[in-house]
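Just so it is clear, none of the values below were taken in a lab; they were calculated from the coordinates. Small disclaimer: the values here were computed from a predicted structure and weren't measured. Note that each Cβ is placed from the backbone with ideal geometry, even for glycine, and that neighbours are counted across all protein chains shown.
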C-alpha cells in the first residue's frame, strides 16, 4: 500500500527495474522550478534545477556562473547593472 504522502503530486512516479528483474514503482521528488532573474524574471542560464540538499553536494563552480551577479541576474540585466555602476563612480 502506498504511503499517504506519496499520493500527492509532489512525488513523481517512475517505474524501475531491480537487479532481480522485477519492475518496481519508485516515488521521486520533482525538480524545483528554474532559477529566475531578480529584475526581469527571465530564466537563468547555468544554474541547475536541484533540491537544496543536492545543490549543497555540488561544487561551487557548478552551482552558479562565475561572474558578477552570477545566479542572481540574467546576462542582460547584469551587463546593464555593471555599466551603470561604472558610470556612477
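Brief remarks on what is shown
- With a Förster radius of 22 Å applied to the C-beta separation of residue 83 and residue 36, the computed FRET efficiency comes to 0.50.
- Remark on the chain: ratio of C-alpha radius of gyration to 2.2 N^0.38 Å is 1.63.
- Relative to the longest principal axis of the Cα atoms of the chain, the long axis of helix 75-88 lies at roughly 30 degrees.
- Cβ crowding within 10 Å averaged over residues, with 67-77, 33-43 ranked highest first: 67-77, 33-43
- Label zone at residue 2 (point 7 Å along Cα-to-Cβ), backbone N below 20 Å, the range 17-56: 17-18, 23-32
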